[in-house]
1. Of the residues A:ARG252, A:ARG281, A:ARG325, A:ARG271, only one is outside the structural domain of A:LEU72 (by TED's automatic domain parsing) and closer than 30 Å to B:ASN15 by Cβ; which?
2. Out of all the residues in region B:53-69, which are touching a residue at least 24 places away in the same chain (Cβ under 8 Å) and facing chain A (nearest Cβ under 7 Å)?
3. Looking at region A:306-337, which of the residues that are under 16 Å from the mean Cα position of the chain (by Cα) and among the hydrophobic types (A, V, I, L, M, F, W, C) is farthest from B:HIS44 (Cα to Cα)?
4. When you scan region B:26-48, do you find a residue that is farther than 30 Å from B:ARG351 by Cα, among the charged types (D, E, K, R) and facing chain A (nearest Cβ under 8 Å), even just one?
5. Might you check whether a residue that is in the same structural domain as A:LEU287 (by TED's automatic domain parsing), free of Cβ contacts under 8 Å to residues at least 60 places away in the same chain and over 18 Å from A:ARG19 (Cα atoms) occurs anywhere in region A:353-371?
6. Checking B:GLU251 against (1) more than 12 Å from chain A (Cβ to nearest Cβ); (2) under 18 Å from the mean Cα position of the chain (by Cα); (3) not in a strand (DSSP E or B); (4) not polar (S, T, N, Q), which single condition isn't satisfied?
7. Say whether the condition of being more than 23 Å from B:THR41 (Cβ to Cβ), part of a helix (DSSP H, G or I), touching a His at 6+ places or on another chain (Cβ under 6 Å) and of a type in the set (A, V, I, L, M) is met by at least one residue in region A:254-264.
8. Counting only residues that are within 17 Å of A:CYS57 (Cβ to Cβ) and not aliphatic (A, V, I, L, M), how many does region A:257-295 have?
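The values are calculated or read from the model by the stated rules, or taken from the named source; none is laboratory data. All of these numbers come straight from a predicted model, not from anything done at the bench. Methodologically, a virtual Cβ is constructed for each residue, glycine included, from the backbone with ideal geometry; neighbour enumeration extends over all protein chains shown.
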There are 2 protein chains.
Amino acid sequence: MATCDVTGVEVGELNPSRRVLLGPGPSDVSDRVLRALAMPTIGHLDPEYLVIMTETCGLLRRVFQTENELTLAVSGTGSAGMEACVCNLIEPGDEMIVCVNGVFGGRMQDVAERCGADVHVLEVPWGEIFDSSAIGDFLKKHPKTKVVGIVHAETSTGAYQPLEEVSRVVHEAGALLLVDAVTSLGGMELKIDDWEIDACYSGTQKCLSCPPGLSPVTFSPAAAEVIDSRESKVQSWYLDMSMVRRYWGEERFYHHTAPINMTYALREALRVVVEEGLEDRVARHTLNHRALRAGLEAMGLVYIPKSSLTTLNAVSIPEGVDDARVRGQLLNDYGIEIGGGLGPFKGKAWRVGLMGSGSTRRNVSLVLGALESVLADEGVKLDRGAGVAACRSVYSAK
Amino acid sequence: MATCDVTGVEVGELNPSRRVLLGPGPSDVSDRVLRALAMPTIGHLDPEYLVIMTETCGLLRRVFQTENELTLAVSGTGSAGMEACVCNLIEPGDEMIVCVNGVFGGRMQDVAERCGADVHVLEVPWGEIFDSSAIGDFLKKHPKTKVVGIVHAETSTGAYQPLEEVSRVVHEAGALLLVDAVTSLGGMELKIDDWEIDACYSGTQKCLSCPPGLSPVTFSPAAAEVIDSRESKVQSWYLDMSMVRRYWGEERFYHHTAPINMTYALREALRVVVEEGLEDRVARHTLNHRALRAGLEAMGLVYIPKSSLTTLNAVSIPEGVDDARVRGQLLNDYGIEIGGGLGPFKGKAWRVGLMGSGSTRRNVSLVLGALESVLADEGVKLDRGAGVAACRSVYSAK
């Protein structure tokens with residue numbers, strides 16, 4: 001195949017490397033999901049595609065553990081899902097509390113302000129999580145709050161936020177609970193109905209191990225009722241759930257053209273999750289996280305959050321170690337991607353993801369071995385083989 | 001592979017039919033593009049992916065025929081591109097003229113109103129197009145107009161809107177010209193720089209023959225300057241070009257996670273366009289359109305727009321013929337998809353697309369033959385073989 005010259009650049013045949021994706025996402029995508037992605041494109045109003053949409057909604061409900069009718073995949077990445085949730089629930093002047101302890105809480109604040117919300121920010125330092133009683137107290141200060149937004153799995157810090165008590169205090173105050181589950185859906189326990197979450201969005205490229213491009217969302221009947229009784233139009237036409245739901249629903253009312261092949265991939269990725277079983281899948285993520293954690297800690301690395309995700313491991317970069325050089329060596333010599341830090345953690349944190357089909361003993365072993373070698377090159381004093389030995393004992397004790 | 005039961009529905013292995021996509025989009029996607037789509041997912045900040053983004057921008061500039069720096073693919077379908085253009089150029093209270101002669105002009109009006117624009121609608125009946133002098137007169141009535149939005153290729157009616165004169169009158173009035181080129185980019189002549197178009201959006205699933213999911217957009221330096229000098233934040237965080245451009249630009253500032261595999265597919269689809277050459281590609285679309293048109297007209301079918309697209313052919317459904325039955329028979333017996341009508345054209349129009357790699361003599365012949373047979377079943381009196389003969393004479397005279 002010929003290359004073609006575009007403004008002085010030769011654009012040749014596409015040939016991306018096979019990476020081991022152990023960063024904050026995208027995660028490893030199995031060949032099975034890639035095969036589904038590349039199935040023949042059919043029309044978005046083809047009777048066959050309508051069945052695929054219905055099946056995808058059914059699978060999403062199963063993985064979200066919900067019976068919410070309004071459950072579908074927004075035609076954009078996770079941030080589009082965030083915006084869809086906020087802009088459909090909020091009307092200008094509505095009060096919203098946003099809990100900020102990292103990039104994604106901060107992003108939700110920005111999105112809510114752009115929607116015209118009167119935003120009250122509850123903040124704790126990056127890496128920490130929120131106590132439900134602090135949220136309850138904050139709600140007493142802002143009794144007209146319509147929505148409380150919080151991040152279940154803060155991808156920027158690796159912090160895990162328990163939600164059951166939070167949900168109780170939010171509902172006692174008569175507000176709706178909006179949850180960012182981008183890095184937890186399909187990897188950690190997340191029970192939309194049992195925990196009474198009113199609106200939740202996620203991404204495809206984390207624990208579902210599907211390429212990025214869609215955002216699963218779900219709205220409780222109470223949230224759907226808020227959308228139905230809006231006085232103003234949703235400011236985004238593209239993300240207006242009152243129209244999008246008619247497109248995904250039985251009516252099949254034309255809205256936009258859904259990303260057809262991405263829906264194929266999501267459907268297949270969800271089938272993989274359901275076949276494994278949610279409990280087994282969560283247990284697998286927990287086990288591999290514990291093994292990795294034991295290994296990293298045995299190598300002297302320190303976890304940043306006290307309450308860590310099992311899907312993403314954020315550790316401090318040891319004193320004197322060059323962030324870019326380590327990650328570059330992992331990428332170039334081993335083909336392994338891990339993530340750097342964002343914002344105040346830039347240059348100070350690594351983020352190692354074990355998500356979806358990437359959460360395996362092989363990957364735990366691989367990254368520990370490679371990291372030990374690279375850190376030795378950096379002059380870090382290490383107890384040789386301690387990482388691998390520590391992780392082995394976790395698997396043996398299982 | 002086992003099926004899995006989801007809320008009473010067995011979700012089995014994905015196995016979509018191979019359709020011949022001759023509707024209003026998606027169009028036929030070649031195996032070459034599907035292979036690119038299914039290449040291994042890599043990280044969105046991987047140095048290899050950054051090269052792919054740069055190459056994709058370069059290819060987009062080539063296909064848009066522009067040197068605009070701000071040229072990229074929005075992470076959503078064509079309607080997201082529409083919203084991105086409008087919401088970045090418009091601030092609340094700005095005056096905007098929207099030219100409405102079909103679904104997509106109407107959609108632009110809705111989007112602009114949601115952005116807080118003071119919208120002035122210039123309307124002609126569906127299927128007709130706009131005279132530049134009428135636009136000039138309308139601009140005199142609304143001298144503070146900031147943006148004039150118009151559809152180059154109205155997918156709902158098949159009408160083709162020439163733009164060169166429109167551009168002149170819009171710029172004489174000191175306004176910016178915003179163009180919907182969803183169904184023309186890569187299939188019909190579209191010269192962003194020569195025609196001085198200030199902002200333009202398209203989709204991947206029409207004449208580029210790529211699956212839906214991305215929206216190519218381009219902004220002239222004047223439009224970029226308007227974005228840079230905004231007083232208010234863009235109401236959509238997801239579509240805020242001041243941030244998205246930093247992600248696509250040299251800075252690679254993290255915004256959202258791009259749809260990586262979709263970018264692979266778009267890059268490959270654009271390579272196909274550049275390899276064929278834009279002029280040859282436009283000529284191919286013109287020839288196949290002329291042949292199809294000769295055939296359809298010989299069968300007694302009447303084109304709806306006087307000024308027809310070459311990429312999409314909208315014809316009236318003959319009296320007494322059942323729309324759903326004909327399209328159902330084409331789909332079920334031949335695996336051919338053609339489109340029905342929208343809005344006032346529902347049940348009254350068929351839309352036959354010959355877009356991208358679907359614009360071939362084989363498809364012209366196929367759809368004429370199948371349609372003759374199906375129409376005969378419907379009791380339409382036809383001059384037997386007239387369609388195929390008429391189209392043959394177009395190819396012979398070439």
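1. After applying the criteria, what remains is A:ARG281.
2. B:GLU55, B:LEU59, B:ARG61, B:ARG62, listed by residue number.
3. Looking at the filtered set, the residue picked out is A:LEU309.
4. Our first condition is that a residue be farther than 30 Å from B:ARG351 by Cα; within region B:26-48, this holds for B:38-48.
Checking which are among the charged types (D, E, K, R) leaves us with B:46, B:48.
Those still in the list that are facing chain A (nearest Cβ under 8 Å) too: B:46, B:48.
Checked against the condition, which is being farther than 30 Å from B:ARG351 by Cα, among the charged types (D, E, K, R) and facing chain A (nearest Cβ under 8 Å), region B:26-48 yields at least one hit.
5. no
6. All conditions are met except number (2).
7. No, region A:254-264 contains no residue that is more than 23 Å from B:THR41 (Cβ to Cβ), part of a helix (DSSP H, G or I), touching a His at 6+ places or on another chain (Cβ under 6 Å) and of a type in the set (A, V, I, L, M).
8. 6
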